[in-house]
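The values are calculated or read from the model by the stated rules, or taken from the named source; none is laboratory data. Remember, it's a predicted structure, so these values are computed and weren't measured experimentally. All Cβ positions, glycine included, derive from the backbone under ideal geometry; neighbour counts span all protein chains shown.
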Amino acid sequence: MAEHSDVSSAATDDYDISDNSLTLFDTSTIIRPYMYELMAEVNVRDDRSAQHVEENSSTRLDNLDWCKCGGRCQILPTIRECVCCREVTVVDAKCLKAVFEFGLEERLQCITQHSGFQCVSLNKFVLQTAWFQYRQQYDTPFDGPDHERYRHTAYRQLARWCWGFLGKSVRVVLSACAVSCIRAHFPPPGPEENAVYIGHQY
């Protein structure tokens, strides 16, 4: 016992405890919420899709003529949400890049055909893991029934996969085909015709 107290007193003799510059914690290394999420300085809204939607806005809620990915899109409640993956530059680039990455003979028609989409946004184990990360990162994460949580996490995963880092409170419109595919994989219980979905609040 005496040896231990001698060692601890010898260790404190090296430091001047009265010196105010000595702190117990280095405050520059404390992790704070959003510490690594910078505010986005660029407009992440895709000009090509925004311009196209505005030009054809009158017909977007009436028919699917705007769908360029082989009829995988569905009409969603608002004009802003009625956009095809082929109209969004960063999403369309994922389909084009797959040709070179996987040695495909032709480009994918839709982002929902991409193996990355299926892994990132439809795999329940990946979504469960992403949900735990989301809960850990944010104080008040979205919470709800499993089907809602899977959809919410799948949308977040899709945005992260396609756009990468967006920044705090930056939102992007996801393509109707991807949203429809995610909804089909994680539907609410009950008959499909009774399903009510609440779109993202931009």
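In this structure, is Asp65 within 19 Å of the chain's Cα centre (by Cα) and acidic (Asp, Glu)? Criteria not met by Asp65. Considering Phe125, Phe100, Phe117, the condition of being touching a residue at least 60 places away in the same chain (Cβ under 8 Å), hydrophobic (A, V, I, L, M, F, W, C) and part of a helix (DSSP H, G or I) is satisfied by Phe117 alone.
Of all the criteria given as (1) in contact with a helix residue (DSSP H, G or I) (Cβ under 7 Å, 6 or more places away or on another chain); (2) modelled with pLDDT of 90 or more, the one not satisfied by Gln128 is (1).
Restricting the first member to region 70-89 and to residues that are on the phi > 0 side of the Ramachandran plot, and the second to residues that are crowded, with 17+ Cβ neighbours inside 10 Å and part of a loop (DSSP other than H, G, I, E, B), the beta-carbon pairs closer than 9 Å and six or more apart or on different chains are Gly70/Cys110. Considering Glu148, Glu81, Glu106, the condition of being surrounded by fewer than 12 Cβ atoms within 10 Å (Cβ to Cβ) and either charged (D, E, K, R) or under 18 Å from the mean Cα position of the chain (by Cα) (or both) is satisfied by Glu106 alone.
Taken together, the residues in region 157-192 that are outside any helix (DSSP H, G or I) and charged (D, E, K, R) amount to 2.
Residues considered: Ser121, Ser115. Of these, the only one that is of a type in the set (S, T, N, Q) and over 14 Å from the mean Cα position of the chain (by Cα) is Ser115.
Looking across region 167-179 at every residue that is surrounded by fewer than 18 Cβ atoms within 10 Å (Cβ to Cβ) and of a type outside the set (Val, Ile, Thr), the one that is modelled with the highest pLDDT is identified as Arg171. Scanning region 123-145 for residues that are surrounded by 13 or more Cβ atoms within 10 Å (Cβ to Cβ) and among the charged types (D, E, K, R) yields Lys124, Arg135. Select from region 180-202 the residues that are modelled with pLDDT of 80 or more, within 14 Å of Glu81 (Cβ to Cβ) and among the small types (Gly, Ala, Ser) and list them in ascending order. Answer for region 180-202, where residues must be modelled with pLDDT of 80 or more, within 14 Å of Glu81 (Cβ to Cβ) and among the small types (Gly, Ala, Ser): just Ser180.
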